[in-house]
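Peer 1: Before we start, here is the structure in question, set down as structure tokens.
Where a number appears in this text, it was derived from the coordinates with a stated rule and is not lab data. These numbers come from a predicted model, not from an experiment. All Cβ positions, glycine included, derive from the backbone under ideal geometry; neighbour counts span all protein chains shown.
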Amino acid sequence: MKWISLKPLKWRGTSAHRGNGLSVRCSAAFSALALAIGLLVSAGAQADARKAQEAYKRHDYAGVMAACREVAGKGEPNCQNELGNLYRYGWGVPVNHPEALRWYRAAADQQHAWARVNLGHMLRMGLGTQADPVQALQLFEAAARQGHAHALNAIGDLHANGQGLPTNRTKACEFFEQSAQKGDGWGMVNQAHCLRDGVGGKPRNYPAAFALAQKAALEGNPGGMVLMGTLVRLGQGTQASAEQAEQWYQRALEQPSRLPWVLQPAHEGLGALHYLPKPVGLGPDFDKARVHYEKAAELGSVAGLSGLGAIYRQGTPSVPKDFDKALDYYQRALRQSQSTGAYVGIALMVLNGQGVPADPEKARGYLARAFQLGSGEARFHLARLYESGRGVGKDLAVAKWYMQDALRLSSGLHPTNRKTAEAFLQTHAAVTPRDPGPLQALTIDATTPALTTMASGGAGAATPAIPAAAPLAVVSVAAGTSPLQAVRPPAANRKALVIGNDQYRHVDRLNTAAADARAMSRALELMGYRVWSHFDVDERQFKQALRDFKLQLEGGDEALLFFAGHGVQIAGANYLLPIDIRNDSEEQVRDESIQLQRVLDDLNEKKARFSLAIIDACRNNPFTGKGRSIGGRGLAPTTAATGQMILFSAGSGQQALDRLGDADRNPNGVFTRVFLQEMQKPGIPVDRVLRNVRSEVVRLARSIGHEQTPALYDQAVGEFYFR
């Protein structure tokens, strides 16, 4: 089940033109805007509104900005909301979440329903501010009381994702249905997902899902266009047509808003279309498939990563086989989610000795894991194992059972493999199928022996490959399942710098910072990170560690920074303190400590695919009471760049706890001990881990009468997982 969230919101109207995917007609929307401005402001403002209307029709967002800024500054809420959209998505201006929040709040204060919903989404995701799903829910409910259809969809998002509310897919689908009935395009799309996947208490109903998706798509919603592409590609609720599916995906990509949650599945679908042969696909054209899978992978797509693994495993006319790359892509997919395509791909590599030692028993373990996730391909290849006796006793009765089960899930089966399965059943019509019973899936955790790669593209062991098996069909598992640990040594694209400072020479020493850093280093290493650890570093060592780490980073890496020690805010800027810091003057502190924003800028400059900064430096102000008082308590709010998440152990002006009282003997501070526990849980995206950390820290701190709310600043694109 793939829930659609983070919607772009525009002026409300009723027409089929939806330049950004909403139920918005330009003419109706701007007529409503002009009317509102006419009632509230001068005739000159009405002229500005007409200019904004014409600019919007041309997708001239700079023109919208020019036309709206003046009347928005005078308090016109529709334009205030629109400026919030421009700054939120970077339409005609650089992305600036604090500025978007400012405009949304101004309009929301005037009870503007769209602005309330937009502001709620910002708070729900922690964009430009500390995430607050409870306040987001209050804003959504207020807009819903105003009759706002999209607010109902937003409440469904909270139920679906367990934000501010317990996860409840039945409730989510109920709100999506209410939203859809009121005409909201995204509500239609999400309700179509409920019906297609048969979740939330709804029976699976392809025709009804198709009707809703088609309505949303024809009204201009790009999410509806993507879903139409998938339904038409798979023949769910309609006749399958690769050509029509391609047209729907392309229409979604042509929408001017360029939203990542639309681009990613559209590129996934086009990759699959070009990967598969006619008539179910447009290919095979692996070169075209690779282009789309690469674009999807850049946006965080698991299906894109596993698709690239399949392409490099097989090779293309322009890209030779590269088993090392194939394995790397598969493992990157597994670090994000349980990808059936990645499990089956690794299984085939292990089975046939493609770049790794051949091991049929281990291959069967990977196939068993994919089998448990509902993979038709896994069933097919398990049947081939029992047909040939590779790693198991030859057993045609069990092979037939798996073949029949694979055909039952034929939508996830490669066409060539489907034909092979059908031929097998005809040949062995007299064989009575026998249920093999429970499968023992391969357990993948920190203690599992890693796969040892051989030379890239090598032939591997001499064990013969299973004959006549078609290329792996790339399929992705529904959201909400749990990813497992990587099956290879730490991948070069996960890198972490960990620093813990206890032994301060001129200010108060700390008790748990170094222990926190050591524990974090061990945990990250077990999760596949290359970790550079430093303890009790002075100014020179601190800055050298940062320089060395920056040199290690490459574009596309997943980078993590963990700092435990003293920190201080001065004039709104945050500084991390080396152990030799003195408190002679604010100027000296600024010069001899590490400005956090410069570190974040370095990560952004290296074009890391995802950066996470965890700063446990919100303890007591080390300079208070030490001669001249310098800086303020806690750290100041900050802003994450695109692709970054930042988590402070406490909010602005708050102090982070080392202990929960005199009887507390835990060697780690409260924040880090909770973080270490939550990051071990498999299948939870990083953003959800961070929110779980915050909730538990708040609970523990309040148990002893202390207020500590970790502050999260989130502008990551895509989903990322520790495990």
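Peer 1: Do the alpha carbons of any pairs in LYS51/LYS74; LYS278/LYS419; LYS362/LYS681; LYS550/LYS607; LYS51/LYS215 sit beyond 19 Å of each other, and which pairs?
Peer 2: Working: LYS51/LYS74 17 Å; LYS278/LYS419 14 Å; LYS362/LYS681 24 Å; LYS550/LYS607 11 Å; LYS51/LYS215 31 Å.
LYS362/LYS681; LYS51/LYS215, as the Cα separations exceed 19 Å there.
Peer 1: Ok, one more. Taking a temperature of 37 °C and a viscosity of 0.692 mPa s, what whole-number D in µm²/s does Stokes-Einstein yield for segment 84-165 with Rh from Kirkwood over alpha carbon pairs?
Peer 2: 265 µm²/s
Peer 1: Stokes-Einstein diffusion coefficient for segment 529-616 at 20 °C in a medium of 1.002 mPa s, Rh from the Kirkwood formula over Cα pairs: what value in µm²/s? Could the numbers behind the result be given before it?
Peer 2: On the way: Rh = 13.6 Å.
Answer, rounded: 157 µm²/s.
Peer 1: So what are the ³J(HN,Hα) numbers for segment 232-248, from phi and the Karplus equation (6.51, -1.76, 1.60; θ = phi - 60°), rounded to whole Hz, Gly and Pro as x?
Peer 2: 5, 5, 8, x, 9, x, 7, 6, 5, 7, 5, 5, 5, 4, 4, 4, 5
Peer 1: Arrange the peptides 180-191, 245-256 so that the one whose residues have, on average, the most other Cβ atoms within 10 Å appears first.
Peer 2: Per-residue mean Cβ counts within 10 Å order the peptides as 180-191, 245-256.
Peer 1: Using a cut-off of 12 Å between alpha-carbon atoms, which aspartates and glutamates can reach LYS171, once sequence neighbours fewer than 8 places away in the same chain are excluded?
Peer 2: ASP157
Peer 1: Ranking request for peptides 264-272, 392-400: highest mean number of other beta-carbon atoms within 10 Å first, then the rest in descending order.
Peer 2: The most tightly packed comes first, giving 264-272, 392-400.
Peer 1: Still on this structure, please answer the following. Placing one identical point scatterer on every Cα of segment 295-436 and ignoring solvent, what is log10 I(q)/I(0) from the Debye formula at q = 0.11, 0.14, 0.20, 0.21 Å⁻¹?
Peer 2: Debye intensities relative to I(0), on a log10 scale: -0.41, -0.65, -1.19, -1.26.
Peer 1: What Kirkwood Rh does segment 210-293 have if only Cα atoms enter the pairwise 1/r average? Answer in Å.
Peer 2: Details: mean 1/r = 0.0810 Å⁻¹.
Kirkwood hydrodynamic radius for segment 210-293: 12.3 Å.
Peer 1: For ARG530, which sequence-distant residues (separation of 5 or more, or a different chain) have an amide H within less than 5 Å of its own amide H, given hydrogens modelled in the peptide plane?
Peer 2: Long-range HN contacts for ARG530: ARG494, LYS495, ALA496.
Peer 1: Moving on. Step by step: find N for segment 494-714, compute 2.2 N^0.38 Å, then divide the Cα radius of gyration by it. What's the final number?
Peer 2: For segment 494-714, the normalised Cα radius of gyration comes out at 0.94.
Peer 1: Can you tell me the Rg and Dmax of segment 64-209, counting just the alpha carbons, in angstroms?
Peer 2: 16.2, 51
Peer 1: Also: List the residues, sorted by chain then number, that are 5 or more residues from ASN574 or on another chain and whose placed amide H is less than 5 Å from its amide H.
Peer 2: LEU596, GLN597
Peer 1: Just to check I understand the Karplus step: with θ = phi - 60° and J = 6.51 cos²θ - 1.76 cosθ + 1.60, what whole-Hz values come out for segment 191-198, glycine and proline as x?
Peer 2: Karplus-based 3J(HN,Hα) across segment 191-198 equals 5, 4, 4, 4, 6, 5, 8, x Hz.
Peer 1: By average Cβ neighbour count within 10 Å, what is the ranking of 78-85, 60-67, 227-234, 503-510 from highest down?
Peer 2: The densest-packed peptide leads the list: 78-85, 227-234, 60-67, 503-510.
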